[in-house]
Amino acid sequence: MNRLLRASAFFLSGFVAITGMAATMAPDDASSAPTAAALSRLLDEHTPAAERQAIFAAAERSAVAGDTQWQYIVGSLLSGKTAASPVPSDPGKALVYLSNAAIHGKILAMAKMAEVELAAGNAQEAMNWAQIYAHYQALPSPDARPAQDYVSELIARISDKLDSKKLPQVQQDVDSFVAQNDASIKLGPQSIDGAPPLHGPPLVAHRFHQSSVNPVESLARPRSSFADYLIAFKPDGTTDRTWQLDIVPDARASEILHGLATTESTRPVTDQQGAHGLRYALITVIYDDGRYHVRGGHVVGGQGI
């Protein structure tokens, strides 16, 4: 059986065991889910290291207890895709959290699984997750929005590393995975012990709209990428500050993605409750660069979009 299916069974059974361990913690420790404001402190490089580590420990407890959103956040921090992470990179552990988040409805965790597996040199597992992400990101869901250029480029990058003879096995594995986990995925993320910041629908940035692009410029610009940002909103609905959770796969896209994230706004507070405080949201910004797209069911190269 392919490693994707073995991993699915392993992560689910292993997660139950970990959850059992969480039940042995002291009640106060087990119930102290971090707040959105605490997450901002966790992502802030100026927060004392001991405080950041304590907040991460609380976030990991919530992830272990089964909170899908914190599984996604903790897995993202452990993947080593951000310099601001308060913990050392641990791709193996990141895969455990991200896979559980994916199985419980975090669609973007599927893309991160593909990126982490590809970075580790596991092309077949990366293609499995890329195809799973391609399947679910096109469905109507608050955690998904079509980003065909990113999906196409992800598949193209993996295809460069994968023996085409393995594609039938990939399709078989993906079909089996979907059959096994579809109900759980469509049920959506689970929140335990207090929800972390609302994860809004992803934003898609199309930076290059011209019909053709100079080949030199095409090579120099960042590849299709996406980043997660925690955004603090003022009472009037404008952005106060943003913190980057991570970015994959091309850090050069950070400026483009951050620029769009900082232009986000939300509805102002109209009552007295919370009128003087900040509100938070976790926003994903996806950058489609137009290098690849889908034509006739196949990924093809392109110049612009």
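Listed by position, the helices (runs of 4 or more DSSP H) enclosed by the stretch 26-69 that each have at least 2 residues that are charged (D, E, K, R) and either at pLDDT below 90 or out of contact with any Ser or Thr (no Cβ under 8 Å at 6 or more places or on another chain) (or both) are 27-30, 49-65.
Residue under question is Gln180, and the condition is that it be under 16 Å from Gln124 (Cβ atoms) and in a helix (DSSP H, G or I); does it hold? Taking the combined requirement at face value, the residue does not satisfy it.
Tell me, yes or no, whether the stretch 231-241 has at least one residue that is crowded, with 22+ Cβ neighbours inside 10 Å, closer than 20 Å to Ala38 by Cα and outside the structural domain of Ser76 (by TED's automatic domain parsing). Looking for residues that are crowded, with 22+ Cβ neighbours inside 10 Å, closer than 20 Å to Ala38 by Cα and outside the structural domain of Ser76 (by TED's automatic domain parsing), one finds at least one in the stretch 231-241, hence yes. In this structure, is Ala227 crowded, with 21+ Cβ neighbours inside 10 Å, in contact with a strand residue (DSSP E or B) (Cβ under 6 Å, 6 or more places away or on another chain) and modelled with pLDDT under 85? It is false that Ala227 is crowded, with 21+ Cβ neighbours inside 10 Å, in contact with a strand residue (DSSP E or B) (Cβ under 6 Å, 6 or more places away or on another chain) and modelled with pLDDT under 85. Scan the stretch 100-112 and give yes if some residue there is farther than 20 Å from Val74 by Cα and in a loop (DSSP other than H, G, I, E, B), otherwise no. No, the conditions are met nowhere in the stretch 100-112. Within the stretch 48-66, residues that are at positive phi and surrounded by 17 or more Cβ atoms within 10 Å (Cβ to Cβ) have Cβ atoms under 8 Å from residues that are part of a helix (DSSP H, G or I) and at pLDDT below 95 in these pairs: Gly66/Phe15; Gly66/Thr19, counting only partners at least 6 apart in sequence or on another chain. In the stretch 167-189, which residues are modelled with pLDDT under 95 and touching a helix residue (DSSP H, G or I) at 6+ places or on another chain (Cβ under 7 Å)? Within the stretch 167-189, Ser184, Ile185, Pro189 qualify. Per the listing Leu98, Leu118, the residue uniquely surrounded by fewer than 24 Cβ atoms within 10 Å (Cβ to Cβ), in contact with a helix residue (DSSP H, G or I) (Cβ under 8 Å, 6 or more places away or on another chain) and at pLDDT 95 or above is Leu118. Of all the criteria given as (1) at pLDDT 90 or above; (2) surrounded by fewer than 21 Cβ atoms within 10 Å (Cβ to Cβ), the one not satisfied by Ser13 is (1).
The values are calculated or read from the model by the stated rules, or taken from the named source; none is laboratory data. Quick caveat, the model's predicted, so the values are computed rather than measured. Counting neighbours? That spans all protein chains shown, and the Cβs are built from the backbone with ideal geometry, glycine included.
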